[in-house]
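Laboratory data are not the source of any read-out in this text; all were calculated from the coordinates shown. Nothing here was measured: the structure is a model prediction, and the numbers come from that model. Don't worry about glycine lacking a Cβ; one is built from the backbone with ideal geometry, like all the others, and counts go over all protein chains shown.
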Amino acid sequence: MKTSTCAGDYLDRMRRSRRGGNPLVRRADRIEAWLFFVLLTTLALMIPVAGFIGAGSWQSWVALAEKQSTERTPVSATLESAPDPAAPGGGEVASSVTAPAPATWQWGDEQRRAVVPVDSWSVTGGDVTVWVDARSGELADPPLTVGAAKVSAVCAGVFLWMLSVALAITMFESARWGLERTRRRRWNREIEAFLGSTSSY
């Protein structure tokens, strides 16, 4: 946060404003000091709030991971041909690691077929593991792991706190900008009044 004064300056302004009658402390200074205090309080209060929301998100993400793990199952599939890095879904970057290839797997009395992402060095006839729907046997995305669910929950809490920090700082800086304009207008009026009074002599 870019400010022209540090936290110690704001605290000094607040202490001086409590004494009252200090001509060095202007009304705009008092308002800015109290706004800074409100900013710090808001940021501190948002820590447990973000933690509470993150904990709730944690439970939701873990529940989703457990649900997906029961709805999807891994099966062994056989590659019908080697993967083609130039095919759609491969890409210049991804083609060095994974690439799409047609594969088949047995589901009960039926044989299923789909294009799946595999290692680019896989060969025709090789076995690969794919995730399918536990009820229909159709190709499905890999289930969310519990570890990934926990990371997502933590990221959600951190993102919420950072968003609140950005919003609070933006509001503080906007108010400080307005107070600075008020100070400058007052200074200009006082300077004009002073120059006007000296020019009369």
How far apart, in nm, are two points set 7 Å out from the Cα along the Cα-to-Cβ line at ARG184 and at VAL75?
-> 7.1
So if R0 is 45 Å, what FRET efficiency would GLN59 and ARG27 give, r being the distance between their Cβ atoms, rounded to the nearest 0.05?
-> 0.40
Convert each backbone phi in region 147-159 into a coupling constant with the Karplus relation 6.51 cos²θ - 1.76 cosθ + 1.60 (shift: θ = phi - 60°), then list the ³J(HN,Hα) values in order as whole Hz, x for Gly and Pro.
-> x, 5, 5, 5, 4, 4, 5, 4, 4, 5, x, 5, 4
Which of the trypsin sites (Lys or Arg not before Pro) found in region 95-172 are in a DSSP loop and have at most 16 neighbouring Cβ atoms, other than their own, within 10 Å?
-> ARG135
Return, ordered by residue number, the residues of region 48-68 whose backbone nitrogen is under 12 Å from a label point located 7 Å along Cα→Cβ of LEU163.
-> 50, 54
GLU192 and THR104 label points (each 7 Å along its Cα→Cβ direction) are spaced in nm at 9.0
For ARG72, which sequence-distant residues (separation of 5 or more, or a different chain) have an amide H within less than 5 Å of its own amide H, given hydrogens modelled in the peptide plane?
-> ALA134
